[in-house]
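Worksheet: the structure to be examined is printed underneath.
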Amino acid sequence: MAKTAEDLSRLLGEIAQGDRQSFAAFYSATSSKLFGVCLSLLKRRDLAEEIVQEVYVKIWARASDFDSGRASPITWIATIARNRCLDELRKKSAVSLDELQETQEFAAEEINPLAGLEHGQDLAALMRCLNTLEEEKKQMILLAYYRGLSREALSQKFAKPVATIKTWLHRSLAQLRTCLTP
Amino acid sequence: MTQFSTDLSPDEALAAEFVLGTLNELERAQVKLRRLAEPVLEELIMWWEQNFAPWVLAAPEIAPPADLFAKIEAAIHLPNAVAAASFAKVPGSPVGVTASNEPANDNFAALRRQMARWRAAALTAGALAASMFVGVGVQQYASLSSPKNFVAVLQKDANSPAFVVSVNVESRALSIRPVSATAPQGKSYELWIINDKIGAPKSLGVVQNAGFTTAPQLKQYSSDIVQAGLYAITEEPAGGSPDGKPSGAPVFAGKLVEAP
């Protein structure tokens, strides 16, 4: 990501005015991130490509919705993309369960420490909080976030009833919330 | 977020799991519907999105196929078109409903001419999209939905949303939830779909006073009727209309817009 949040915000402002060159610059600065987010969730390039395309069409149409007071541009679009991919994944839950066998353990090394230097401190704080969880719970949270595993898929993965997974999730999330609350 | 207990409240847990990604399809659809009308839930979702943002930013960067940008440009390259219209060019996306505040179409106009009795409610629908994007407070941070998911706010006027309807036009699954409406004692609220292609208003069933009600009856109509239809609520005798026809004019109505 060669461009700063300010650069991307400016580009979004220009895109809202219909500036295609700015749109191209915005795409080139952000598309690898969006494709990475979607591919790690969906695992299928064709689906990831379809969703990323849809998200950029949406960005073109709704760049004026962006509010820099609420999120950075990259957070805004990555969140939009991730949510669309989760929707897609849940629609194809049968597929994701079939593919569960192939789901690798999520290695913390996959988290790119250089990702968004602007957010480095926030990432460090989040990881510090994550590390207060037991190893199994930590793995569960990361598999859910980065691999898109549903409660049912986590239940298979950890060989625990869905109700247990739900309890684990809620306790872990409560612990994260307490840790993340200043 | 000012006060936390050691346990998550049901809505806190729902918001957290929504952001984490562990909810199933129906639960996700319900959260997306509720966040439109419930600022407290929206705030909880925002809190988790902001706090988990470092993770989404730390996802690996993988270059997309080289021809993807050309496809995107082709999808948005509409001479003199308003930007929002580009939604209609996305493969698989609905045609004719955009993010603009102009949901009315020819069917709707014809319907209004034909059905004077329903006129007041039908006119209300014209203000629907505006209220969705202003009054109800759709968040910019939350353009989250599949293009096949639509929502409608059924209301008397732009300031009084009474029901929120969520429809997947592909599967024709509908759920409706009251925001502020409660049927008067001894009465039931009944949901109807109105479209000139299907003649008289068709019942989608009685709506519960709380929680989500689904309407399997919608599956008998084609996706274009489902998407273009006017959704209206009438006040009926307890248990619903005795003869399958609305007993009076709609008290709340609205049209679908693409879920933000």
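The values are calculated or read from the model by the stated rules, or taken from the named source; none is laboratory data. Not measured: the values here are computed from a predicted model. Neighbour counts are summed over all protein chains in view; Cβ atoms, including those assigned to glycine, are modelled from backbone coordinates with ideal geometry. With ligands, DNA and RNA removed, areas are computed over all heavy atoms of the protein, side chains included. Shrake-Rupley method; radii C 1.70, N 1.55, O 1.52, S 1.80 Å.
A few notes on this one:
- Interface burial for A against B (accessible surface, 1.4 Å probe, total of both chains, Å², rounded to 100): 6500 Å²
- Per-residue shielding of A:140-150, expressed as the average number of other chain Cβ atoms within 10 Å of the residue Cβ, stands at 4.
- Shielding by partners, peptide B:27-33 (average Cβ within 10 angstrom, other chains): 2
- Using the average count of surrounding beta-carbon atoms within 10 Å as a protection proxy, the listed peptides A:169-176, A:31-38, A:138-145 rank, highest first, as A:31-38, A:138-145, A:169-176.
- Given charges at beta-carbon only (K, R positive; D, E negative), |dipole| of the stretch B:10-57 in Debye: 140 debye
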